[in-house]
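Let me begin by presenting the structure, written as structure tokens, before commenting on it.
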Amino acid sequence: MRTLVISTDPAPSLGDALGLRLTGAPRPVPLPRGTLHALEISPMRALERWLRPRRPVLETIALRGTWLDETDVQELLRQSLPGIDELAALLEILRYGRSPAYDVIVVDTAPTGHTLRMLAMPDALSAVALAFDHMQAKHRAMVEALRGATIEDEADEMIRDLQEDAQALTTLLRDPELTDVTLVSLPEKLAVEETLDAARSLLSMRIPIAAVVMNRLTAPPPQKCDWCDGRRSIERQAISSLARGLASVARTSRSALPRLAIVGARQTEPAGVRALRGVAADLRKPATLPRRPLAAGRPARRRIAALPATFQQPAQLAAVKLLMFAGKGGVGKTTCAAASALHLAETQPKRRFLLVSADPAHSLADVLEARVGDPPRRVAGLGNLDVRELDPAGALEPIRTRYTASVDKMFDRILRGSAIDATHDRRVMRDLFDFAPPGLDELAAVLELVDLLGDARSPRRYDVVVMDTAPTGHAVRLLQMPETVQGWTKALMRILLKYQPLAGLGDLGAALLQLSRGLGRLRAMLANPMEAQLVVVTRAAALPRHETARLLGTLHRLEISVPAVIVNAVGGGDCTRCRASTRQELRETESLIQLARARSGQVAVIGAPAAVPPPAGVRALGAWRRRWRAL
């Protein structure tokens, strides 16, 4: 099979896994037999490739269908298109899927939350097509009035192409003869819960799930090892929980039960063709489910690895207003963020803290073992710490509602009782909100938090917000977004000012001005190390280390302060295999220390010990946090 493997993750690790330097163009992977190419999608380049031949026609449609002039249209289309990252990735998959060069395409996606957004992108593309269709409708009506019949041109053909692309993507994703989806999980409670949530979401979108892979399962130890036995006990429990959950999801959705595969943990992270062949062999084996959830019929005793004596207690992180945690998916950033928030609240009882998740695939409720939603909730036992899982759509809706109301008021003011029918123009102006930069919903939620930090009169004012961000690629996008969205906001403001004599600024101008000022405050906060800092969370393994290096470079360019790098889940048992793993971790940790020093001498490298089971709940998180050590 002529095979192409593509990464759609904004922070890709595919090249690291294959041991190759990848770009946005297919590169051959050296194999003794067979044909394999690999690429890492560059969303901006992919979108530009798709948009370049279409831009003149799209600008023509917008000129025909709005009262904007050529400069206005070019600026707005240059600023944004909805879901730019996810849409570009899907369009690239569709392009290669239509190519006769490949028989099979394997896609390594972004972590859960943003992959679900990507798979919903066909609907966003349909919305874009509909918005352009609304613009073109005015031109069709004029042509029909003048010529007595509608005459299609390249603009109508372009809109039809957009609609056909959206339909082709929907068909591709929902057809089990064309597409297999495999979910990859870890044998831990948090990962299993996220996997089951993803399965429910996919099946609700009518996207079939072919398989679920349980990754990094611990093999029997070479000698008696309480640590390995404890891990295996917890892992058996996780596999049983996953199997029961998948069976329940399949029954509820009336879908086929996905195949379960198990991949064993390796001494070192598999990278390169030879090591990956071993993983492939595991994937082909039928999974054997445990007969009992626990080896001895009782829960494993909690164990926390003793870190080497070279680690010492870290100095307290700087008391900033916004403390963010970021890292590769699966490294434990949510657990680290929660433990840090609990520690800060306990040690600074006179300050008010908010622990918040900005990851679309929330895990704070599972980590804290408490009910968590978008309205803030008090953490039990702490009077100065609230917790919240952001609902970006909920934060964006008031902005959308205000925008729509402002457009309506503006047209009412222009017409002033006139008999002119402006239904079309009103609808098109409303549609312009759908051309806002991608991720505006997430940014709106963050701006709401910035307001809570700044308004001393608010009863819900906080002194510090501790934020668990989305995994690396989308966390970086969120940090870059204030500048992008401010550019879009200013473009709309310039357009409004141009037409002020006719329409006036009104509520729409006030709404955009408020958004622009909020973005300005956020940009100033992110640039000030006394107000905002970001802690990078990683693991002592090669692929997370490579991604951490790239993330630190990006944060340096964005001038965002990094006070610490947390190396999570360090240490293990005392069998020969555990000791060998610990030696490998220490080598990786030393590389991370050198990396942090190269960036800045002020970056602390903190070791957070491995725990069996992983810490969850306020008491366990507190005990685990007290075991952190800084080199």
Identify the residues of the range 181-202 with backbone N under 16 Å of a label point that sits 7 angstrom from the Cα of residue 105 along the Cα-to-Cβ direction, or state none. 181-182
Could you list, in their original order, any pairs among 321/409; 138/409; 409/490 whose Cα atoms are separated by more than 28 Å? 321/409
Between residue 281 and residue 391, what is the label-point separation in nm under the 7 Å Cα-to-beta-carbon projection? 5.0 nm
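Report the equivalent ellipsoid semi-axes for the range 502-631 in whole Å, largest first, defined as the square roots of five times the eigenvalues of the gyration tensor built from alpha carbon atoms.
41, 18, 13
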Any lysines with Cα under 27 Å of the residue 328 Cα? List them, leaving off those in the same chain fewer than 8 positions away. 189
Solvent-accessible area per residue, Å², over the chain with all protein chains present [probe radius 1.4 Å]: 47 Å²
Estimate the FRET efficiency between residue 619 and residue 74 by the formula 1/(1 + (r/R0)^6), using the beta-carbon distance for r and 45 Å for R0, to the nearest 0.05. 0.15
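Using 0.36 nm per residue, how much length does the chain from residue 180 to residue 95 gain when fully extended, once their Cα-Cα distance is taken away?
28.8 nm
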Candidate aspartates and glutamates for bridging to residue 350, where Cα separation is under 20 Å - those fewer than 8 sequence places away on the same chain excluded: 386, 455, 463, 531
Spelling out what I want: for every residue of the range 510-522, take phi, set θ = phi - 60°, compute 6.51 cos²θ - 1.76 cosθ + 1.60 (Karplus), and round to whole Hz; glycine and proline get x. 5, 5, 5, 5, 5, 5, 5, 5, x, 5, x, 5, 5
Residues meeting the amide H criterion for residue 571 (H placed from the backbone, H to H distance under 5 Å, 5 or more places apart or on another chain) are 610
Sort largest first and round to whole Å: the equivalent ellipsoid semi-axes of the chain, each the square root of five times a Cα gyration tensor eigenvalue. 45, 31, 22
For residue 537, which sequence-distant residues (separation of 5 or more, or a different chain) have an amide H within less than 5 Å of its own amide H, given hydrogens modelled in the peptide plane? 326, 327, 566
By the Cα gyration tensor axes a ≥ b ≥ c (a/c under 1.5 gives rounded; else a/b larger than b/c gives prolate, otherwise oblate), the shape of the range 215-295 is oblate
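Multiply the residue separation of residue 579 and residue 521 by 0.36 nm, subtract the distance between their alpha-carbon atoms, and state the gained length in nm to one decimal. Please list the in-between numbers first.
Details: separation 58, 0.36 × 58 = 20.88 nm, distance 4.91 nm.
Answer, rounded to one decimal: 16.0 nm.
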Taking a ≥ b ≥ c as the square roots of the eigenvalues of the Cα gyration tensor, with a/c under 1.5 meaning rounded and otherwise prolate when a/b exceeds b/c and oblate if not, the range 116-248 is prolate
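Take peptides 259-271, 96-108 and line them up by average Cβ neighbours within 10 Å, highest first, as a rough protection proxy.
259-271, 96-108
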So for the range 575-631, using the alpha carbon gyration tensor with a ≥ b ≥ c as root eigenvalues (a/c under 1.5 gives rounded; past that, a/b versus b/c decides prolate or oblate), I'd call it oblate
What spacing in nm lies between the two simple spin-label points modelled at residue 630 and residue 558, each 7 Å away from Cα in the Cβ direction? 2.3 nm
Tell me the label-point distance for the pair residue 64, residue 241, using the 7 Å Cα-to-Cβ offset, in nm and rounded to one decimal. 5.7 nm
Taking every DSSP beta bridge that has both residues in the chain, what percent is antiparallel when rounded to the nearest 5? 15 percent
Rolling a 1.4 angstrom probe over the protein chains, ignoring ligands and nucleic acids, what is the accessible area of residue 189 in square angstrom, nearest 10? 120 Å²
Accessible area of residue 493, 1.4 Å probe, to the nearest 10 Å²? 40 Å²
Multiplying the sequence separation of residue 531 and residue 54 by 0.36 nm and subtracting their Cα-Cα distance, what value in nm do you get? 167.4 nm
Round to the nearest 0.05 the FRET efficiency obtained for residue 348 and residue 587 when R0 = 45 Å and r is the Cβ-Cβ distance. 0.80
What's the percent breakdown of Cα-Cα distances in the range 358-433 across 5 Å bins, shortest bin first? 3, 13, 16, 13, 9, 8, 8, 8, 8, 7, 4, 2, 1
For the range 26-35, Karplus couplings with θ = phi - 60° (6.51, -1.76, 1.60), whole Hz, Gly/Pro x: x, 10, x, 9, x, 9, x, 8, x, 10
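The values are calculated or read from the model by the stated rules, or taken from the named source; none is laboratory data. On a predicted model such as this, the values are computed, not experimentally measured, just so you know. Using ideal geometry, Cβ is built from the backbone for each residue, glycine included, and neighbour counts are taken over all protein chains shown. We work out accessible area using only protein heavy atoms, side chains counted, and drop any ligands, DNA or RNA first. Shrake-Rupley method; radii C 1.70, N 1.55, O 1.52, S 1.80 Å.
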